[in-house]
Structure formats: structure tokens, C-alpha cells
């Protein structure tokens, strides 16, 4: 029996020198926001309503893309390690008990970028290729 090794070819999203692919999701804040890196746990706490502040004490406002958005599913899986069903169940409990409200929602990455760019303290996520000078990516550790 002859076994052949698979041929690995970079797909269209491959990036040089180990950089993330150009269509990968990045966490973003306004270009005026000095935040350059954030702990993954702080990001999780913001998006799950456990805190409303950045680590330095400034007010934060997480922004979500619309339900059904592929970027939303990818964000929660990649950065929070949660499925959309788990996130929905979490927020259902929080809302029922009156302890908070989920992040504000926008239709897509373009709307998210515009809102984040014009809202001090806003934080969101979009595809790397959607970055422009109005927002900058935050390194998540």
C-alpha cells in the first residue's frame, strides 16, 4: 500500500512571515484610544457583562455584530471560547435577573468600525482587511 503525503498549499488567506491572514478577525478600538494590548480574560469579562471598564479604569463599551454574522460566531469561538448558544444562554440569565444588558449590536463590520471610531471607549471586532485609520487593532494575550 502506497501512502502519499498531502501537499500543503497556502490558501488565499495565507500571510507572509507568520502574520495573521488578512481576513482574520481583530479586536479594535478608536484610533484615539491608547489601548494597544488586552488580556483575553478582560475581553471575556467585557463581552459577558462582568465588567464595564478597561484595566486602566476607563469606561468600555463592547460592540457586537448582528446575530447570524459569521464574524460574530468566529469572534466568540476564537476570543471567548464560547459558542453562540452558550453566549445567548448566558445573556438570557443576566437579562432575566436584571443584572445587565448585552453589548450593543450593529449590522456588520463596516457599521462596527464607524461606531467604534466615533465612540470613546468602544471596543469591537472586524476582519483585518476592514481596518482603516479610524481604528486600530488591539493585541489580545
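Laboratory data are not the source of any read-out in this text; all were calculated from the coordinates shown. On a predicted model such as this, the values are computed, not experimentally measured, just so you know. For neighbour counting, all protein chains shown are included, and Cβ atoms are generated from backbone atoms with ideal geometry for every residue, glycine included.
Tabulated data
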{"item": "Paramagnetic label zone (point 7 Å from Cα along Cα-to-C-beta, residue 41; backbone N under 13 Å) in segment 68-103", "result": "none"}
{"item": "For segment 25-141, alpha-carbon Rg relative to the globular expectation (2.2 N^0.38 Å, N residues)", "result": "0.98"}
{"item": "Pairwise centroid distance, computed over Cα atoms, of segment 105-141 with segment 68-82, Å", "result": "15"}
